[in-house]
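Comments concern the structure below.
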Amino acid sequence: MNPRLTNVIERSKIVIVCGTGGVGKTTVSAALALHGATQGLNAVVVTIDPARRLAHTLGLDNLPNRPQQIDPSLWQPHLAHSSQGASDDVAAASAHTDSSSTAGATAGTFWALQLDAKATFDDLIRSQSENPAQAERILANQIYRNLSGALGGTQEYMAMEKLYEIESSQQFDLIVVDTPPSRHALDFLEAPGRLNRFLEHPVTRLLTAPTRLYLRAANRAMMGLLRAMSRVVGAEVVEDAVAFFGAFEGMEAGFRQRASRIEAVINSSDTSFLVVTSPRQDSIEEARFFGRRLRETGQKVAGVIVNRVHPRRTDRTAEQFAADKETSETDPTLRAAVDNLARWEALAAREQDQVSGLVADLGATVTVMIPQFGREIYDMASLNHMSESLFAGGEK
Amino acid sequence: MTDTNSFWEQSRVLIVAGKGGVGKTTVTAALAVAAAKTGRSVQIVEIEGKSGLSRLFGSRPLSDIDQQLAPNIRGRQITSLAALLEYLNDHGMRRVAKRMIRSGVADVVATAVPGLRDLLVMGKIRQMQEARVADVIVVDAPAAGHALAFLATPRRMEQAARVGPLRSQAERAVAMLEDPSRCRVVPVTLPEHTPVSEMIQTAEWLTSQAGVVLAPAIVNMVNPDVSILADQSAASLTTAADRAGLGWPEELIDACAQSAAFAVARGEQQHAEIARLAKETQLDLVSLPLIFEAEVDRSGIDHLADAFTAGIQATDRSATHTAATGLDATNADPTANSNGGPR
């Protein structure tokens, strides 16, 4: 098998892009979906991007909480451009997908969605409740309103919920998910399971049971603890909690089912995981941790994308640089030039070491290096550039 | 270094906040070392530890028991579980506290009451502030978007809980967060487009929504000043090398020219971003240099601490926004004490 990123995209229905914050994950995710679209797929990128960078990049003021199609005229020039100007790699990649042999005529569609965790949660409540009155009771509850805001693992859970919703719509050939920058990169994978465990916890069941039953069945010790807790956090809070869970009556089963289905989607063989990292130590450590955890769940990192790599420009050794610095002592410009080169070379060399260590560790079959661009990516032209670097130039 | 006193004396608590990847933990360590170099006692607080903070000092991971990281610098971790346990103890529930946590009751309630964990952790920081555990308390705030929630939680809880113990907890935390003589937030960002845009949004939000007071913002990992290399092409470098009789190979000249062009372009972009940040936020800015060593170690932290001190002195001297001040880290006071030990 030719271990190329193109193949990963071709064989996957869902690509989950993971990594710490600040490594360009959102841009990479958008570039992956864009590539899918240029290959004739109906591709959507699901992003969690509070700064709305992606929306700006895509020429939108805002991205809605539903897939929105990106104006083809914004990204199709890229298609025309790359089918002419074109490295052989891109041409070869196009030939793989049967439908795109006459690139341009068979372009797919490019969609984007920015997750609104609260709106997604509200929709979920409305769709799962037995009647509108029940939904309204929950939506008005103080605890629900805290829960559905930006707090806790809600964002992660809702990202997965949204993924499930989009997947079920069968509207897309390729779904690229830009995961929230979690403190622990795997939070989002565990979020549905966590809700399940939460709903199954005896205390929750106690709280969700119909009132009279709950009094009868109440485990005395548990009730004692709950009463004690209400003394500490305030009776009002516990009452809110009881009302909240009470309002959920009859819905837990649906939630549990849904969470299991989401887990099934994530674990399906059509789903691939890509890790985006910077070549910096902290980001690499997170990526390594993520790979290990993913393996524990029986999954595997399909590819590693190392973003903002400083390129090597020379084979000169540290000793040679030391000599160069000494001989250029008299000329400030030359001295500054060699100092500058030596600094970035040393950085680039260390980055190389870090990355090869990570790749060996993860056993990923695809590694893509994206150079640190002199200018940052935040317009459509640079998004195209990123997409080209991903699929043509940068592969090792 | 006399004129950094006003910075350190203004508030005991400094909460270092920034998105993942901006080097928040490194900045926390640098601030601690800079304060310790003035002879002050410093307490570092790590929230829900994971950061490599202790590694920067060559120590074992932080726990909820204080450990000495360097002369005058202690470090500890605050976890929400420990904070909850302590809170229960303080409320006369020593006996049931452990059981509450073991049985999962505490966990379910904490999940059902989002913000409870953050509030209790903030409460612990407030206690440390009130008890004056050190001259300077530097808090490495949680990473990513969570830092915002962490800082905004007390106000939200104050609004959500009408009465009861949580409300009084929230009120006391808000009182600390809003008082610049007790606590300030040190925002950290990078001199790049996206982080700067985020910082502009965040700074506004922190002030208006979380009600906190911002200290000078830190622009981390600023590249060295290479303006001397502007407009240097391979041809001009060749001429210079020939004139100096160096006989540099073409390969070296080309690499130098490419690297110079790269560094100059990045430098210009960083400059522009720093200027934009200064203009949009009206904050004083302190630039810290990029450390080229793969892993920042204790000497790197010392270097950053000195750059921080120099940057604060610069903001003190001129009330104007000296965005480019720290650009060349090598300009940091060379006489600054770099052995790390306070005297």
Among residues of the range B:65-78 being free of Cβ contacts under 8 Å to residues at least 40 places away in the same chain and not in a strand (DSSP E or B), the residue surrounded by the most Cβ atoms within 10 Å (Cβ to Cβ) is B:Asp66
Among the residues in the range B:6-14, are any assigned to a loop (DSSP other than H, G, I, E, B), over 12 Å from the mean Cα position of the chain (by Cα) and either at pLDDT 95 or above or more than 19 Å from B:Val188 (Cβ to Cβ) (or both)? yes
If I ask for residues that are modelled with pLDDT under 90, touching a Ser or Thr at 6+ places or on another chain (Cβ under 8 Å) and assigned to a helix (DSSP H, G or I), which ones from the range B:26-55 would you list? B:Leu53
More than 11 Å from every other protein chain (Cβ to nearest Cβ) and within 19 Å of A:His35 (Cα to Cα) - does that describe any residue in the range A:352-367? yes
In the range A:13-24, what count of residues is obtained for those that are open to solvent by 10 Å² or more (accessible area, probe 1.4 Å) and either of a type in the set (S, T, N, Q) or touching a Gly at 6+ places or on another chain (Cβ under 7 Å) (or both)? 3
Looking at A:Arg288, is it among the basic types (Lys, Arg) and at the interface with chain B (Cβ under 9 Å from one of its Cβ atoms)? no
Hits in the range B:239-259 - residues which are over 13 Å from A:Ser328 (Cβ atoms) and not acidic (Asp, Glu): B:Thr239, B:Pro249, B:Ala255, B:Ala257, B:Gln258, B:Ser259
Residue count, the range B:214-239, condition facing another protein chain (nearest Cβ under 10 Å) and either under 30 Å from the mean Cα position of the chain (by Cα) or open to solvent by less than 10 Å² (accessible area, probe 1.4 Å) (or both), comes to 8
Can you confirm whether the range A:30-53 contains a residue that is at pLDDT below 90, among the polar types (S, T, N, Q), closer than 20 Å to A:Glu156 by Cβ and part of a loop (DSSP other than H, G, I, E, B)? no
Over the range B:242-272, the set of residues open to solvent by less than 10 Å² (accessible area, probe 1.4 Å) and either more than 7 Å from every other protein chain (Cβ to nearest Cβ) or touching a helix residue (DSSP H, G or I) at 6+ places or on another chain (Cβ under 6 Å) (or both) is B:Ile253, B:Ala255, B:Cys256, B:Ser259, B:Ala260, B:Ala263, B:Gln270
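The values are calculated or read from the model by the stated rules, or taken from the named source; none is laboratory data. Every value quoted in this text rests on a predicted model; they were computed, and no experiment measured them. Cβ atoms come from the backbone with ideal geometry, glycine included; neighbour counts cover every protein chain shown. Keep in mind that these areas ignore ligands, DNA and RNA; they rest on the heavy atoms of the full protein, side chains included. Shrake-Rupley method; radii C 1.70, N 1.55, O 1.52, S 1.80 Å.
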